[in-house]
Every structure is written in structure tokens, then in C-alpha cells.
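The values are calculated or read from the model by the stated rules, or taken from the named source; none is laboratory data. Remember, predicted model here, so these are calculated numbers, not experimental data. So basically every Cβ, Gly included, is an ideal-geometry build from the backbone, and we count neighbours across all protein chains shown.
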Amino acid sequence: MAAARTEKACAECHSVDPQDPDVHVQAGLRCLSCHTSREIHGDGRLWDSANQPGALEVRCQRCHERIQPTASHTVHGGKLDCAACHTRAMDTCFNCHIGARLAGAKEASIKRDGLLFLVNHDGKVGLANFLSYVYGKGTMVTLAPTYPHAIARTGRACADCHATANARDVAAGRLVLSRFVGGELRSAQGVIPVADGMKWDLAFLDREGDRWVPLADAKPPLVNYSWCTPLSRTSWRSCRSRGAPRPADRGRQARRDPGGRLRHRAVGDGGARSDGEPQRKNTSVTRTKVGIRNAPLQAM
């Protein structure tokens with residue numbers, strides 16, 4: 001009981017720095033200020049994941065009942081998770097080396113900050129944790145919903161998410177997530193809208209003793225969406241534009257030319273289509289209970 005009251009048991013897995021500038025930490029809130037006893041002790045149901053809809057009861061609105069109807073709060077029509085704007089930073093984990101873990105060696109991976117991935121989860125646009133893996137010559141990336149305890153009082157500006165260079169690069173198939181230069185992993189920065197069929201261009205590394213080396217002949221990664229999906233076409237168009245979609249645009253699935261034909265012609269391998277959507281790569285898509293998985297055909 002003492003451990004529960006002092007929340008020492010929580011800190012064993014969910015460490016929080018007392019100096020963290022998260023607004024809730026600085027206000028003196030504790031784990032149980034937001035999380036419920038049902039979340040901690042369970043309800044008799046075996047949940048597959050904390051990301052499964054209904055598993056968590058935490059909602060910003062439980063405390064923030066009267067959110068000011070500013071333009072930022074109303075323009076998204078209730079389809080944007082609060083943390084997507086108010087999270088100041090989060091870690092991204094590149095190159096988790098499965099071989100080292102299975103061999104019982106010290107876990108090897110590379111953390112970088114400054115990257116925030118936007119996906120669909122539980123009916124809203126929210127943040128995703130991004131992980132890249134290497135096992136032998138195989139590579140994989142996983143995106144899963146995340147709730148970083150790094151909340152800022154002031155949200156992001158519109159220009160941080162809309163009509164950004166990252167969004168243009170995703171649409172054109174030229175976004176580079178990471179490169180290994182001079183023995184150092186250099187990563188992209190900023191908000192990354194995750195579009196269906198986008199090209200995943202990043203460095204995959206092998207582990208030789210205590211040093212990283214580029215993985216020779218790395219194949220395109222298997223892409224796994226765990227409890228999330230890429231942005232809807234409406235959300236993706238909104239990221240590419242300078243603002244949220246107009247009500248008349250919601251639900252539209254494709255643009256048409258003056259003759260009424262659908263504008264979905266491909267213009268190049270991995271590039272943008274005529275309607276601005278990223279061209280789909282040669283992948284198969286299977287739906288599972290944990291989301292959508294895109295697997296390169298040559299890897300199956």
C-alpha cells in the first residue's frame with residue numbers, strides 16, 4: 001500500500017523526471033490524478049493492448065471540461081487528439097537490433113528526438129511512436145499510438161503541421177527519415193504525416209562489436225501499423241494544405257478533372273500522383289486485429 005501511495009511502483013517502469021517541464025508534473029499532479037484504479041488493477045477483461053480502444057479511461061476532457069472555443073480548438077472538428085498539438089517533444093527509436101537482444105547482449109538502438117508522427121487512432125489524428133528494427137538482413141518499421149507525458153500549455157502553430165516541407169516530401173516520395181553520415185545517425189525533424197503507401201527511406205544499420213555499420217543490401221522494410229492506421233485522405237489533404245478541410249471537402253475520396261474522371265494517374269515510381277496522393281509502392285496490405293500491415297511482395 002505504501003508503494004501505491006507514493007507511486008514508487010509506477011516509477012519502476014514509467015519513470016518521470018521531477019524536473020520535467022510537462023505542465024502536469026510541474027503542477028504537482030501524480031499518476032493517479034489522471035489514471036483510474038480500473039486502468040491500474042484491471043477490470044477482469046484480458047485486453048490485448050493499452051492502445052486497444054476502451055482500455056484507457058484517461059481523457060483530457062475529464063479535467064478540462066471548459067475548453068476555450070478558439071480557432072485551433074474548433075477547426076479540427078473534434079478529430080484531433082489534444083496531445084497531437086500539445087506534446088512538445090518525444091523520443092524516436094531507430095535500429096533496434098534484434099540479433100543483439102536475442103544473443104543476450106546489451107540492448108542496442110539509437111534514440112533521436114524532434115520527430116512526431118501523425119496517424120489515425122480511435123477515430124482521431126494522434127501521435128505515434130516510431131520504431132525501426134533489424135534482424136539479420138531483414139528490416140521492419142512499426143508505428144503505434146503513444147501518449148508522451150511531455151505536454152506544453154501552448155499548442156503548435158498551424159504551420160508546424162500544415163503545408164510543411166515534410167508533407168511535400170511525403171507526397172513526392174522523397175522524404176528521408178535518416179541517414180548514417182560519418183559514423184552518426186542524422187534524422188529528419190518536425191511533424192511527419194503518415195500517408196498510406198508512403199515511401200520509407202531510412203538508414204538501417206548492423207552491429208559489429210561496439211560500433212554501427214550500414215546494413216549491406218538492406219531490403220525495403222516490412223511496415224506494421226499496431227492499433228493505428230495511416231491518415232485518412234481527408235486528414236492527409238489537410239496536412240498538405242494550409243488549413244483544415246472545408247466542410248464540403250470532408251468525406252471526398254478523390255478529385256475529378258473537368259471531364260469528371262478520377263485523377264489517380266501515377267507519375268513515377270514512389271512519387272506523387274496527379275491528385276497529390278503519394279503513389280502506392282508494390283506492397284500487399286493485410287488487416288489484422290492490431291491494425292494494417294504493409295508487406296513488400298518480395299519479402300513475403
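Below is a table of values for the structure above.
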{"quantity": "Residue list for the range 2-23, restricted to those being out of contact with any strand residue (DSSP E or B) (no Cβ under 6 Å at 6 or more places or on another chain), surrounded by 11 or more Cβ atoms within 10 Å (Cβ to Cβ) and not in a loop (DSSP other than H, G, I, E, B)", "calculated": "ALA3, ALA4, THR6, ALA9, CYS10, ALA11"}
{"quantity": "Wholly within the range 191-289, strands (runs of 3 or more DSSP E) carrying at least 1 residues that are modelled with pLDDT under 95 and of a type in the set (Phe, Trp, Tyr)", "calculated": "211-214"}
{"quantity": "Candidates ALA159, ALA152 - the one that is among the small types (Gly, Ala, Ser) and in contact with a His (Cβ under 8 Å, 6 or more places away or on another chain)", "calculated": "ALA152"}
{"quantity": "Qualifying residues in the range 129-149 (those that are out of contact with any His (no Cβ under 9 Å at 6 or more places or on another chain) and among the aromatic types (Phe, Trp, Tyr)) - the one modelled with the highest pLDDT", "calculated": "PHE130"}
{"quantity": "Per-region count, the range 85-100, residues within 20 Å of ARG112 (Cβ to Cβ) and touching a residue at least 60 places away in the same chain (Cβ under 8 Å)", "calculated": "9"}
{"quantity": "Residue list for the range 24-36, filter: part of a helix (DSSP H, G or I) and within 25 Å of the chain's Cα centre (by Cα)", "calculated": "HIS24, VAL25, CYS31, CYS34"}
{"quantity": "Strands (runs of 3 or more DSSP E) fully within the range 54-137 counting 2 or more residues that are under 22 Å from ALA159 (Cβ atoms)", "calculated": "115-121, 124-135"}
{"quantity": "Top-ranked residue in the range 24-46 [being of a type outside the set (A, V, I, L, M) and surrounded by 14 or more Cβ atoms within 10 Å (Cβ to Cβ); ranked as nearest to HIS149 (Cα to Cα)]", "calculated": "HIS24"}
{"quantity": "CYS96 surrounded by 15 or more Cβ atoms within 10 Å (Cβ to Cβ), under 26 Å from ALA11 (Cα atoms) and over 13 Å from the mean Cα position of the chain (by Cα)", "calculated": "yes"}
{"quantity": "Flag for ILE110 being more than 19 Å from VAL125 (Cβ to Cβ), under 22 Å from the mean Cα position of the chain (by Cα) and either loosely packed, with under 13 Cβ neighbours inside 10 Å or modelled with pLDDT of 80 or more (or both)", "calculated": "yes"}
{"quantity": "Positions within the range 58-77 being loosely packed, with under 13 Cβ neighbours inside 10 Å and free of Cβ contacts under 8 Å to residues at least 24 places away in the same chain, in sequence order", "calculated": "ARG59, GLN61, HIS64, GLU65, ARG66, ILE67, GLN68, PRO69, THR70, ALA71, THR74"}
{"quantity": "Given (1) at pLDDT 95 or above; (2) closer than 30 Å to LYS79 by Cβ; (3) surrounded by fewer than 17 Cβ atoms within 10 Å (Cβ to Cβ); (4) not hydrophobic (A, V, I, L, M, F, W, C), number of the condition ASN166 does not satisfy", "calculated": "(3)"}
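For every residue, the table says whether it meets (1) touching a residue at least 12 places away in the same chain (Cβ under 8 Å); (2) buried (at least 18 other Cβ atoms within 10 Å of the Cβ); (3) not small (Gly, Ala, Ser).
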position: SER132; (1), (2), (3): yes, yes, no
position: TYR135; (1), (2), (3): yes, no, yes
position: ALA144; (1), (2), (3): yes, yes, no
position: VAL170; (1), (2), (3): yes, yes, yes
position: GLN189; (1), (2), (3): yes, no, yes
position: GLY209; (1), (2), (3): no, no, no
position: ASP217; (1), (2), (3): yes, no, yes
